[in-house]
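The block underneath contains the structure these notes are about, expressed in structure tokens.
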Amino acid sequence: MADEPGHDLPPAPPVAAAQQLAAEGEVAIGAPPAGIPGQERSERVRRVIVYVLLFFVSLLFFIPFFWSVTTSLKTLPESVGFDLLPDNPSIRAYRSALSAYDFDRYFLNSVFLASVVTLSTLFLASLGGYAFARLRFPGREVLFFLVLATLMIPNELRLVPVFQMLIDFPVAHVNLLGTYQGYFVINLVTATSLFLMRQYFLTIPKDYEEAAKLDGAGYFKTYWRVMLPLAGPALAAVTILTFQGTWNDFFWPLIIFLGDETKYTLPLGIFQFRTQFYTQWPELMAASVIAIVPIALIYVFFQRYFVAGVTAAGVKG
């Protein structure tokens, strides 16, 4: 040991050497240590190319929206020209769009339908996704793939069966055409929402469920009290996709409501600005911009959760 007698301690460094080391110069603060190479030029070039491509892609998506906004500020003669910017910008088209037809009614109908369909989809998709992800029952995988197979069936192919079903709804034997209930029945839940919820539940560790079982919680209580609060990002993704899809839906409201203008939604109302021989371009674009605002606000508030939910749902098979 070093503290035992008979063992010499190593000599202390000379003071002159330490003073000489300190006097050689100051080290620049934040300078990279010698031996660590800087960023390669090829990597910087790749990054610049990626940014340039992303800029042009974003510009490609932004130009149609910018054209819609500028057209809504033009007069009708200006809107048929090729000038991108209006000579005398005016919000006349917005006042005309809001007062034309029954625009307020269309807006409220869209809010009502989108809200109800979104709530029903959130509950049924999360409940079904939890069952497909966690419960074990015969034919589970086959049933799940059958649900996903419905994604390949277009609405036009389902038109006649759905129409016949709504004329004489099974069991109840009531006619649901021309009613809100008919629209809700065929939009209770989508395969896309069910898939996203199932994939996200697969990423949640099973330790939470086991802890809930030790506390005496059943399947539904575990889903409601434990799993559902943990699925916030997936719920946000389903909310945005469902609300947007219902808000922009044109096909099914046109078929189900049978021309009843009191039940028209915004897409059907906006279409009335275009007739066989005449199109009110400024009013049409103004109504379109107004219809975009709620979707943009929802995406702004839920953007972070939406990206997290979609990303997490795609990493687990």
Review point. Which pairs do you get when a residue that is surrounded by 13 or more Cβ atoms within 10 Å (Cβ to Cβ), found in segment 156-173, comes within reach of a residue that is modelled with pLDDT of 90 or more, reach meaning Cβ atoms under 6 angstrom, with the pair 6+ apart or on two chains?
Key: V162/I186; L166/L176; L166/L177; L166/G182; F169/L176
**Study point:** Every residue from segment 241-285 that is under 25 Å from the mean Cα position of the chain (by Cα), among the polar types (S, T, N, Q) and either at pLDDT 95 or above or assigned to a helix (DSSP H, G or I) (or both)
**Key:** T242, Q244, T246
Practice item. Please go through segment 133-152 and pick out each residue that is among the small types (G, A, S) and surrounded by fewer than 11 Cβ atoms within 10 Å (Cβ to Cβ). Key: G139, A149
Exercise for review: Could you figure out which of (1) assigned to a helix (DSSP H, G or I); (2) within 25 Å of V238 (Cβ to Cβ) isn't true of R136?
Suggested key: (1)
**Study point:** Condition met for G232 (in the same structural domain as I298 (by TED's automatic domain parsing) and without any contact (Cβ under 8 Å) to a residue 12 or more places away in the chain)
**Key:** no
Exercise for review: Counting only residues that are at pLDDT 90 or above and buried (at least 18 other Cβ atoms within 10 Å of the Cβ), give me the helices (runs of 4 or more DSSP H) lying completely in segment 180-221 with at least 3 of them.
Suggested key: 191-203
Review point. Within segment 269-290, how many residues turn out to be within 19 Å of Y183 (Cβ to Cβ) and surrounded by 21 or more Cβ atoms within 10 Å (Cβ to Cβ)?
Key: 2
Exercise for review: Scan segment 104-115 and give yes if some residue there is farther than 30 Å from Y183 by Cβ and free of Cβ contacts under 8 Å to residues at least 60 places away in the same chain, otherwise no.
Suggested key: no
Check your understanding: Restricting the first residue to segment 255-276 and requiring it to be over 20 Å from N187 (Cβ atoms), which pairs with a second residue that is surrounded by fewer than 23 Cβ atoms within 10 Å (Cβ to Cβ) and of a type in the set (A, V, I, L, M) meet a Cβ separation below 6 Å and a spacing of at least six or different chains?
Key -> F273/L284
Practice item. Among the candidates G139, G129, single out the residue that is on the phi > 0 side of the Ramachandran plot and assigned by TED's automatic domain parsing to the domain that holds A231. Key: G139
Exercise for review: Output yes when any residue across segment 104-121 is surrounded by fewer than 15 Cβ atoms within 10 Å (Cβ to Cβ), of a type in the set (A, V, I, L, M) and not in a helix (DSSP H, G or I), and no when none is.
Suggested key: no
Check your understanding: So which pairs qualify, if the first residue must be in segment 206-225 and closer than 26 Å to L124 by Cβ, the second must be of a type in the set (V, I, T) and part of a helix (DSSP H, G or I), the Cβ gap must be under 7 Å, and the two must be at least 6 apart or on different chains?
Key -> Y208/V226; E209/T222; E209/V226; A212/T222; A212/V226
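The values are calculated or read from the model by the stated rules, or taken from the named source; none is laboratory data. Every value quoted in this text rests on a predicted model; they were computed, and no experiment measured them. Every residue, glycine as well, gets a Cβ built from its backbone with ideal geometry; the counts of neighbours run over all protein chains shown.
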